[in-house]
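S.K.: Dumping the structure here so I can ask a few things about it.
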Amino acid sequence: MRPAPVRPLRLLACLPALLALLAGCASPPDSGAEEVEPVVPVTLVQRGPGVGPDLNATTAQAPRLVEGEWWRIRFTGDFYDPQEVIRVVANATQEGYVFGMPHSGWLKEAIVYHAPAFGDVGLDLSYAVHNERFEPVRFPLEKGATWETLFAMTPYTAVVESADDHVAEITLTPPPSTDPTATAICALGMPCDFAMRLTYDARMHEVVRMESPLGTWEVVEHGFEFRGWVTVPDAMHTAIDYGVFGPSTDNPLPTRTVSVDDRFNRITLLHAVFALSPGAFRITSTAPTGESLVTQHIGGAGGTFGIHELADPGGEWTQEDLAVGAGGTYTMGIAYEQYDILVPDGARRPTHGHEVVR
């Protein structure tokens, strides 16, 4: 049986993003947990009163963000060590914002996590996920308000569970799954309730906590007047979005060619393997230069994830998915224009020389 494409399935459309983003448990971090060192030394984050920050923001309308505004964000989960990243508004215009990370604190994982947002963000705090607009909030945030949105190609219904002048609690729930592949994955013991819970705090101008049964991220510090070079992933585009589900007895190594626009100078790839039985599973993404990025899982049932980064991805990519045994593979490649913005001056420099993070 030839492996069937599984791109439309909620499992492989949603689970890779959520596993990377929220892997772990949804309970608050243990106060006795090991301290996590910030990715960027605190001396690079200038504290003090911001120039023109929106100090009177409420849940009634979207906040006005300013260049140099920053958030320190902590990810907790069971699939990786606790991670932190500093998120900075590198550019603010009447049309929207561009978010990035300090040049010395680039975290490639944050690109595939899908939340919080990096790159282009609307004035209403919406942004593209898998090239479709995701609205984590919709103003005014009033108790009982509801809207429909998409996250990683999966429809969600958002409901404001509670709200006051400053804080709103929002639940996003997908429709029940009828996908037999997802049922099989659930049999591995992976969480299958993909509801997400968000806390928006107008005083911090952002979603400050995001939970699911798979884990949590939260804002642990917020401020203004960041100074220095900020690396941004502008014009983010999901260029590779493909998976297969096996087993295959006649052709265990299906291949596919994917074209990536040469206007992008960087790509971050997520490889995800879900083994439902013992076997051999491998994903090979071969770039136009001939360089191959590989993630594999050989042995018993389980999951393996790999996150890779490559410069100058434009051209024809070859995707090879080995599936010997019952299971699935998935590749997501997010291409973008990576460059640096000097905050607060606004100077820009190309970053083809920015070190590739493997």
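S.K.: Take VAL294 and tell me if it is without any contact (Cβ under 8 Å) to a residue 40 or more places away in the chain, part of a strand (DSSP E or B) and aliphatic (A, V, I, L, M).
M.R.: It is true that VAL294 is without any contact (Cβ under 8 Å) to a residue 40 or more places away in the chain, part of a strand (DSSP E or B) and aliphatic (A, V, I, L, M).
S.K.: List the number of the failed condition for GLU148; all other conditions in (1) surrounded by 15 or more Cβ atoms within 10 Å (Cβ to Cβ); (2) modelled with pLDDT of 95 or more; (3) out of contact with any Lys or Arg (no Cβ under 8 Å at 6 or more places or on another chain) hold.
M.R.: For GLU148, the exception is condition (1).
S.K.: Give GLY325, GLY346 a once-over and let me know the one that is more than 25 Å from THR231 (Cα to Cα) and over 21 Å from the mean Cα position of the chain (by Cα).
M.R.: GLY325
S.K.: Being in contact with an Asp or Glu (Cβ under 7 Å, 6 or more places away or on another chain) and of a type in the set (A, V, I, L, M, F, W, C) is the filter; apply it to the stretch 283-309 and report the residue that is farthest from SER259 (Cα to Cα).
M.R.: Result: ILE307.
S.K.: Is at least one residue of the stretch 277-289 surrounded by 15 or more Cβ atoms within 10 Å (Cβ to Cβ), part of a strand (DSSP E or B) and under 19 Å from the mean Cα position of the chain (by Cα)?
M.R.: No, the stretch 277-289 contains no residue that is surrounded by 15 or more Cβ atoms within 10 Å (Cβ to Cβ), part of a strand (DSSP E or B) and under 19 Å from the mean Cα position of the chain (by Cα).
S.K.: Restricting to the stretch 312-343, name every residue that is surrounded by fewer than 21 Cβ atoms within 10 Å (Cβ to Cβ), of a type in the set (Gly, Ala, Ser) and at pLDDT 95 or above.
M.R.: Matches in the stretch 312-343: GLY314, GLY315.
S.K.: Collect the residues in the stretch 128-144 that are among the charged types (D, E, K, R), closer than 17 Å to VAL98 by Cα and in a loop (DSSP other than H, G, I, E, B), keeping them in residue-number order.
M.R.: GLU135 - this is the single residue of the stretch 128-144 that is among the charged types (D, E, K, R), closer than 17 Å to VAL98 by Cα and in a loop (DSSP other than H, G, I, E, B).
S.K.: Between a residue in the stretch 126-154 that is closer than 22 Å to ARG64 by Cβ and in contact (Cβ under 8 Å) with a residue 24 or more places away in the chain and any residue that is in a loop (DSSP other than H, G, I, E, B) and among the small types (Gly, Ala, Ser), which pairs come within a Cβ distance under 7 Å, given they are 6 or more apart or on different chains?
M.R.: Here the result reads PHE139/ALA60; PHE139/ALA62; PRO140/ALA60, each pair linking the stretch 126-154 to a residue that is in a loop (DSSP other than H, G, I, E, B) and among the small types (Gly, Ala, Ser).
S.K.: Could you please give the count of residues in the stretch 256-297 that are touching a helix residue (DSSP H, G or I) at 6+ places or on another chain (Cβ under 8 Å) and of a type in the set (Val, Ile, Thr)?
M.R.: Result for the stretch 256-297: 1.
S.K.: Another question, then. What residue, among those in the stretch 297-307 that are without any contact (Cβ under 8 Å) to a residue 60 or more places away in the chain and surrounded by 15 or more Cβ atoms within 10 Å (Cβ to Cβ), is farthest from GLY243 (Cα to Cα)?
M.R.: It comes out as ILE298.
The values are calculated or read from the model by the stated rules, or taken from the named source; none is laboratory data. Please read these numbers as outputs of a predicted model, since none were measured by experiment. Glycine also receives a Cβ, built like all others from the backbone with ideal geometry; neighbour counts cover every protein chain displayed.
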